[in-house]
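Trainee: Questions regarding the structure given below will be posed in turn.
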Amino acid sequence: MIRELVFQAISKFILGVAVTGILIFLPAGTFHYWNAWLFIGILFIPMLFAGIVMMFKNPELLKKRLNAKEQQTEQNIVIKLSGLMFVLGFAVAGLNFRFEWIMLPGWVSWMAAVMFLFSYLLYGEVLRENTYLSRTVEIQQGQRVIDTGLYGIVRHPMYSVTIILFLSMPLVLGSGFSFVVFLVYPIIIAKRIRNEEALLEKELEGYAAYKTKVKYKIIPYIW
């Protein structure tokens, strides 16, 4: 089992690096795009270390994170829309660099990189707090409501973190046009949360009470 999990993790990691590179560098028409190298570095180097840690400390969680086969039709649509957003966002960033439309100042990219890495740390904390997290909407055997740490502030801290992560990506790439594309993500995630909460309230014991305790979904005091 471990050998298969290692092979699956390495394969998906290499594929992710390759696809991301193609989506950005091909439209850019060059490898001399420092923002792209910065982005790939801050995205995949922490991902590599996180994968290694999960492999040794919690291989079951790693297996869940690698499983992206969504069973629900509505959630399948959300996954496909997110994938389309990434393809368009990265391609637009590459084209923006190639044709020199509007490149953001270098300091914006570096600030966004810091924000991205900070979000990665929060992402790791969410995974530490909730080992039931998978990439699909489902109720797992023995699952219970987590209401401590970040889960005591908002009900979906993972989505809060991914919003920061994804909105910082186009800024690291230096593309304002790409940022506009990624602005669709909060709308996509709102649809996913609505469907997910309906399932959790129906099938996860204690979730209805948790909703009354923690009132905000992803943004404290706002939503």
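Trainee: By how many degrees, between 0 and 90 and to the nearest 10, does the Cα long axis of helix 34-57 differ from the longest principal axis of the chain?
Mentor: 30 degrees
Trainee: May I pose another question? Pulled fully out, how much extra length does the chain show between K12 and K80, if you take 0.36 nm times their separation in residues and subtract their Cα-Cα distance? Could you put the intermediate results ahead of the total?
Mentor: Values: separation 68, 0.36 × 68 = 24.48 nm, distance 1.77 nm.
Going from the current span to full extension adds 22.7 nm.
Trainee: Then there is this: Between the helical axis of 2-28 and the dominant principal axis of the chain, each derived from Cα atoms, what acute angle in degrees is found, rounded to the nearest 10?
Mentor: Helix 2-28 sits roughly 40 degrees off the main axis of the chain.
Trainee: Helix-only estimate, please: 222 nm mean residue ellipticity of the chain, summing -39500 (n - 2.57) across DSSP H runs of length 4 or more and dividing by its residues, to the nearest 500. The partial results should precede the final answer.
Mentor: Numbers: 9 runs with 159 residues, N = 223.
Dividing the helical sum by the residues of the chain leaves -24000 deg cm²/dmol.
Trainee: For the chain, what is the charge dipole size about the Cα centre, in debye to the nearest 20, if Lys and Arg each add +1 at the Cβ and Asp and Glu each add -1 at the Cβ? All intermediate terms of the calculation are to be shown ahead of the outcome.
Mentor: Working: 21 positive and 14 negative charges, 29 e Å.
The dipole magnitude comes to about 140 debye.
Trainee: Would you kindly state how much longer the chain becomes between W34 and L5 on full extension, computed as 0.36 nm times their sequence separation minus their alpha carbon distance, in nm to one decimal? Could you put the intermediate results ahead of the total?
Mentor: Values: separation 29, 0.36 × 29 = 10.44 nm, distance 3.31 nm.
In short, 7.1 nm is gained.
Trainee: Given labels modelled 7 Å from the Cα in the Cβ direction, how far is it in nm from M111 to L88?
Mentor: Label-label distance for M111 and L88, simple model: 2.7 nm.
Trainee: Then there is this: How far apart, in nanometres, would the label points at K202 and V53 be if each is projected 7 angstrom from Cα along the Cα-to-Cβ direction?
Mentor: Roughly 3.6 nm, to one decimal.
Trainee: Between the helical axis of 157-172 and the dominant principal axis of the chain, each derived from Cα atoms, what acute angle in degrees is found, rounded to the nearest 10?
Mentor: It works out to around 0 degrees.
Trainee: What is the projected area of the convex hull of the Cα atoms of the chain, averaged over all directions, in nm²? Before the final figure, lay out the partial values.
Mentor: Values: hull surface 49.9 nm².
The directionally averaged projection comes out at 12.5 nm².
None of the figures in this text is laboratory data; all of them are computed from the coordinates on show. Computed from a predicted structure; not experimentally measured. With ideal geometry, Cβ positions are generated from the backbone for all residues, glycine too; neighbour counts draw on all protein chains shown.
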